[in-house]
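**Student:** This structure is in structure tokens; I'll ask about it shortly.
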Amino acid sequence: MALKPLGIEMRRTHDFANHEQFLPFQQTISDASKAGISVGDYIDITYNTQGATQETIDRLDQLGVFSDVRAVAEIGPGSGRYLEKVIRKCSPDRYEIYETARPWARYLKEQHHVILHPTDGYSMRSTDTSSVDLAQAHKVFVATPFLTTCHYWEEMIRVVRPGGHVVFDILTEQCLDPSTLRLWLDKAATRSGYPCIMPRHFALGFFSDRGIQLIDSFSIPMRPGRTEVFVFMKKQSQGPVSMDVGAE
Ligand SMILES: C[S@@+](CC[C@H](N)C(=O)[O-])C[C@H]1O[C@@H](n2cnc3c(N)ncnc32)[C@H](O)[C@@H]1O
């Protein structure tokens, strides 16, 4: 590098404002290794709340999300902190991911042998219709713009099989009581687009309009506040309707 003789070292820095790039890859892996803990635990402790990922998995388990799961599709798995727990829980035959941060996507492919699909940032076009038992995204729709989120929701509904689950979390008005809003105002970069709010009422209407049933919702930590996790189920398609033509 021509500037080196002048004593200036050029280092590629991470752009935290770009939500499609996630955390700096090498630095995060190395910091987790120095701390002697898994990358997932390191991210929980450093950027969120210790045990928050496991708490989510446990709640989903109680709701029956992981029973009979052979195929999963996940949007924005990042370091794979949810992915690794889901794989451990239900050993799916197929785990497909859509991830915009290339170093993390390649890492997950190598570590967990997942199927990494081309990622255009709003569709799941490589996943067949009604082909997965679980479509999920964690801490993704708190950063994606409104229409991106809506596109992804349509796709999650498309790819999940009847009887399968759609799971994600969003920052709803229920997560924004005055004291929590104060924390966001004090801690977040006020002029950035993060976090993105998604009205709860709109989200519920979006899924019910498409015949998708709400199973439950619950809140989990996302520093400095909380997000609301939604669990939906695509209704089993109805069997053939028996026509009672009546006796003559
Ligand atoms: C806040 S991180 C959450 C990562 C992981 N799900 C977790 O909870 O640890 C958001 C993740 O979504 C990815 N991402 C952002 N925008 C995306 C998009 N439009 N399509 C797919 N992935 C996206 C980022 O690269 C990052 O890995």
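The values are calculated or read from the model by the stated rules, or taken from the named source; none is laboratory data. Just so it is clear, the structure is predicted and the values come from calculations on it, not from any experiment. Don't worry about glycine lacking a Cβ; one is built from the backbone with ideal geometry, like all the others, and counts go over all protein chains shown. Areas reflect the complete protein model, heavy atoms only, side chains present, ligands, DNA and RNA absent. Shrake-Rupley method; radii C 1.70, N 1.55, O 1.52, S 1.80 Å.
**Student:** For the range 24-136, I need the span (max minus min coordinate) of the C-alpha atoms along each principal axis, in Å, sorted largest to smallest.
**Tutor:** Largest to smallest, the principal-axis extents are 42, 33, 22 Å.
**Student:** Still on this model: Gain in length, LYS187 to ASN18, computed as 0.36 nm per residue apart minus the alpha-carbon separation, to one decimal in nm?
**Tutor:** 59.1 nm
**Student:** For VAL39, what is the net charge nearby, where nearby means another residue's Cβ is under 11 Å from its Cβ and Lys, Arg count +1, Asp, Glu -1?
**Tutor:** Once all neighbours under 11 Å are counted, the net charge is -3.
**Student:** Highest mean first, what order results for 176-183, 212-219 on Cβ atoms within 10 Å?
**Tutor:** Top to bottom by mean Cβ count within 10 Å: 212-219, 176-183.
**Student:** Out of the range 139-206, which chymotrypsin sites (Phe, Trp or Tyr not before Pro) are coil in DSSP terms and have no more than 14 other C-beta atoms within 10 Å?
**Tutor:** none
**Student:** Only sites in a loop by DSSP and with at most 16 other Cβ atoms within 10 Å count here; which trypsin sites (Lys or Arg not before Pro) in the range 195-228 make the cut?
**Tutor:** Sparse-neighbourhood loop trypsin sites (Lys or Arg not before Pro): ARG210.
**Student:** Tally Lys/Arg at +1 and Asp/Glu at -1 over every other residue whose Cβ is under 11 Å from the Cβ of TYR98; what's the total?
**Tutor:** Result for the local shell: -4.
**Student:** Something else: What pairs in LYS139/LYS187; LYS34/LYS187; LYS109/LYS139 have C-alpha atoms more than 24 Å from each other?
**Tutor:** With Cα atoms farther than 24 Å apart: LYS34/LYS187.
**Student:** Right, here's the next one. Cα atoms only: what Rg and Dmax, in Å, come out for the range 101-142?
**Tutor:** 11.5, 29
**Student:** What's the carbon and sulfur percent of the chain's accessible surface, probe 1.4 angstrom, rounded to a whole number?
**Tutor:** 52 percent
**Student:** Also: Return one quarter of the surface area of the convex hull spanned by the alpha-carbon atoms of the chain, equal to its mean projected area, in nm².
**Tutor:** Taking the Cα atoms of the chain, their convex hull projects to 18.3 nm² on average.
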